[in-house]
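Structure first, then comments.
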Amino acid sequence: MNQHVNNVTYIGWVLESMPQEIIDTHELQTITLDYRRECQHNDMVDSLTIAESKENLQERCTNGLPSKKQQWNDYPQFLHLLRLSSTGLEINRGRTIWRKLIR
């Protein structure tokens, strides 16, 4: 009705930029999104993802996150940025935590 993108669309855009290797071998455990501005249906959006370093994770492990004893490969974390292609303005920042699939 107001032509704004809904929350499910943002999640889809974040996941589009995830490495396929992680998608194939892990499942999404946690997603945290911080909405910065609205996005319209006709806006072009860049979806950027970077793996959070193992060193940073070991320093920041807290309640709800894997303990220092956990392997990074079992619980990799990624930082995400959605931005407007035309202006570079931030739409959304996020973090995902992935759990290794047990097969």
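Taking the stretch 14-48 as the range and being surrounded by fewer than 14 Cβ atoms within 10 Å (Cβ to Cβ), touching a strand residue (DSSP E or B) at 6+ places or on another chain (Cβ under 8 Å), of a type in the set (S, T, N, Q) and over 21 Å from H4 (Cβ atoms) as the test, only T30 passes. Among the conditions (1) touching a helix residue (DSSP H, G or I) at 6+ places or on another chain (Cβ under 8 Å); (2) open to solvent by 40 Å² or more (accessible area, probe 1.4 Å); (3) modelled with pLDDT of 85 or more, the only one that A51 does not satisfy is (1). If the condition is being open to solvent by 50 Å² or more (accessible area, probe 1.4 Å), polar (S, T, N, Q) and either at pLDDT 95 or above or closer than 24 Å to P19 by Cβ (or both), then the stretch 62-84 contributes Q70, Q71, N73.
One line per residue, one yes/no per condition, for (1) part of a strand (DSSP E or B); (2) touching a residue at least 24 places away in the same chain (Cβ under 8 Å); (3) within 23 Å of L101 (Cβ to Cβ):
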| position | (1), (2), (3) |
| --- | --- |
| Y10 | no, yes, no |
| V14 | no, yes, yes |
| I22 | no, yes, yes |
| L28 | yes, yes, yes |
| E38 | no, yes, no |
| D46 | yes, yes, no |
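Are any of the residues in the stretch 96-103 of a type in the set (A, V, I, L, M), within 14 Å of Q29 (Cβ to Cβ) and modelled with pLDDT of 95 or more? Within the stretch 96-103, one or more residues are of a type in the set (A, V, I, L, M), within 14 Å of Q29 (Cβ to Cβ) and modelled with pLDDT of 95 or more. Considering the conditions (1) at pLDDT below 90; (2) open to solvent by less than 70 Å² (accessible area, probe 1.4 Å), E90 is excluded by exactly one of them, (1).
The values are calculated or read from the model by the stated rules, or taken from the named source; none is laboratory data. Because the structure is a prediction, the values reported are computed rather than measured. As a convention, Cβ positions derive from the backbone with ideal geometry for all residues, glycine included, and neighbour counts pool all protein chains shown. Heads up: the accessible areas ignore ligands, DNA and RNA and are worked out on the full protein's heavy atoms, side chains in. Shrake-Rupley method; radii C 1.70, N 1.55, O 1.52, S 1.80 Å.
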